[in-house]
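Peer 1: The following block contains the structure, expressed as structure tokens.
The values are calculated or read from the model by the stated rules, or taken from the named source; none is laboratory data. Just so we're clear, the structure is a prediction, and the values are computed from it rather than from any experiment. Here the Cβ positions follow ideal geometry from the backbone for every residue, glycine too, while neighbour counts run over all protein chains shown.
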Amino acid sequence: MTAALIDGDAVAAEVRDEVRTAVEKLAAKGVTPTLATVLMGTDPASETYVSLKQDDCEAVGIEARDVRIDGDAPADELYETVTDLNDDPSVHGVLVQQPLPDQVNDDGIVRAIDPRKDVDGFHPENLGLLMRGNARYVPCTPLGVQRLLVEADVETEGADVVVVGRSTIVGKPLANRLLARDDSGNATVTVCHSRTEDLTAKLRAADVVVAAVGVPELVDGSMIREGATVVDVGINRVERDGESMLVGDVDFESAREAAGAITPVPGGVGPMTRAMLLVNTVRAAGLVEGADVELATLD
Ligand code: NAD
């Protein structure tokens, strides 16, 4: 079997169209959804991520504010910036780019963001709501994975889903979403991690495998049940034949021979994560302004 490709670029383009429509509806009510990104320091990868986020916002009519703080500044300066953005009624979403310099406590900053403006969905209040089954924001990558499964017509109800990776930004929130009692949940979820024994046996029993590990090509075709759906969250830069390239946590070539459907890297989950930040920002504008926002992804 050669797996069908789940095209993240195409679904992300659909999501952006939905966001554009929602932005227009908000504009008609006098609301311009606004995201403030905060970058402390000059980490080149973070600078790239922030500028992509700014461009993505502008492409759909979301106003993007680019707040920069010196990497040597005291932690208080970042806290004060976050407080000002929390208090600014024209800002709907606040995102502090991680990783942060050593003098700043990452967890403290996540807690300092107003949970209603926490478009990353990492604030403990938002993670708690997600776990209770009435999420305010779902973190962008899990939200993107879930939408890809819906678009690929993958039935999650009653399905055995194995999520490899237990991070707070991907594995754990995704497991909670897939457990939720709704049409895009109701799965039986197993979460595997670095201490899991016999990963292969767990994966071979899965109808859906989601790899979010950060180990290049850890999951290969021999670990995939015939016809299973494979979602590869991993983004790993490796050197091959003297060239630098991106690979996922799944060995694409062997996995596609066993799987029924598979996401590529790049062009799978990555573009969905970017698109879902826009969804969460429009949702934040709706919440903060008390306006109704209709987005298919939120139903
Ligand atoms: P993380 O480092 O926070 O967590 C990795 C998890 O993998 C841990 O829970 C660990 O227990 C588990 N793990 C490590 N080695 C393992 C092994 N041998 N067997 C089983 N489990 C193992 O990572 P993260 O932030 O969740 O990111 C995971 C990957 O996803 C990375 O490649 C990252 O770059 C990528 N990522 C991609 C997107 C996207 O938009 N596509 C978004 C976030 C993260």
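Peer 1: For ASP232, only one of the following conditions fails: (1) at positive phi; (2) in contact with a helix residue (DSSP H, G or I) (Cβ under 8 Å, 6 or more places away or on another chain); (3) among the acidic types (Asp, Glu). What is its number?
Peer 2: (1)
Peer 1: For ASP232, state whether it is over 22 Å from VAL138 (Cα atoms), within 16 Å of the ligand (Cβ to nearest atom), in contact (Cβ under 8 Å) with a residue 12 or more places away in the chain and not aliphatic (A, V, I, L, M).
Peer 2: It is false that ASP232 is over 22 Å from VAL138 (Cα atoms), within 16 Å of the ligand (Cβ to nearest atom), in contact (Cβ under 8 Å) with a residue 12 or more places away in the chain and not aliphatic (A, V, I, L, M).
Peer 1: Here are THR190, THR273: which of them is within 14 Å of the ligand (Cβ to nearest atom), under 30 Å from GLY121 (Cβ atoms), in contact with a Gly (Cβ under 9 Å, 6 or more places away or on another chain) and polar (S, T, N, Q)?
Peer 2: Residue meeting the stated conditions: THR273.
Peer 1: For segment 73-126, name all the residues that are under 18 Å from CYS57 (Cβ atoms) and either among the acidic types (Asp, Glu) or not assigned by TED's automatic domain parsing to the domain that holds LEU52 (or both).
Peer 2: Correct list: ASP88, ASP118, ASP120.
Peer 1: Identify, from the list ASP102, ASP88, ASP120, the residue that is modelled with pLDDT of 95 or more, among the acidic types (Asp, Glu) and closer than 20 Å to ALA212 by Cα.
Peer 2: That would be ASP120, the only listed residue that is modelled with pLDDT of 95 or more, among the acidic types (Asp, Glu) and closer than 20 Å to ALA212 by Cα.
Peer 1: Picking from ARG237, ARG204, ARG166, which residue would you name as being near the ligand (Cβ under 8 Å from one of its atoms) and charged (D, E, K, R)?
Peer 2: Just one listed residue meets the conditions, ARG166.
Peer 1: Something else: Taking ASP70 as the residue in question, decide whether it is acidic (Asp, Glu) and either touching a residue at least 60 places away in the same chain (Cβ under 8 Å) or assigned by TED's automatic domain parsing to the domain that holds VAL150 (or both).
Peer 2: Judged against the criteria, ASP70 is not a match.
Peer 1: In the set THR196, THR188, which member is over 18 Å from ASP249 (Cβ atoms), of a type in the set (Ser, Thr, Tyr) and without any contact (Cβ under 8 Å) to a residue 40 or more places away in the chain?
Peer 2: Unique residue meeting the criteria: THR188.
Peer 1: Read through the list (1) in a helix (DSSP H, G or I); (2) away from the ligand (no atom under 16 Å from the Cβ); (3) surrounded by 18 or more Cβ atoms within 10 Å (Cβ to Cβ), then give the number of the only condition that VAL150 fails.
Peer 2: VAL150 satisfies every listed condition except (3).
Peer 1: Now a separate question. Could you identify the single residue in GLU253, GLU226 that is out of contact with any strand residue (DSSP E or B) (no Cβ under 8 Å at 6 or more places or on another chain), at pLDDT 95 or above, away from the ligand (no atom under 11 Å from the Cβ) and part of a loop (DSSP other than H, G, I, E, B)?
Peer 2: Result: GLU226 is the single residue among GLU253, GLU226 that is out of contact with any strand residue (DSSP E or B) (no Cβ under 8 Å at 6 or more places or on another chain), at pLDDT 95 or above, away from the ligand (no atom under 11 Å from the Cβ) and part of a loop (DSSP other than H, G, I, E, B).
Peer 1: Which ones in segment 163-208 are under 19 Å from the mean Cα position of the chain (by Cα) and in a helix (DSSP H, G or I)?
Peer 2: GLY171, LYS172, PRO173, LEU174, ALA175, ASN176, ARG177, LEU178, LEU179
Peer 1: Just to be sure I understand, how many residues within segment 151-172 are aliphatic (A, V, I, L, M) and closer than 21 Å to ALA10 by Cβ?
Peer 2: 2
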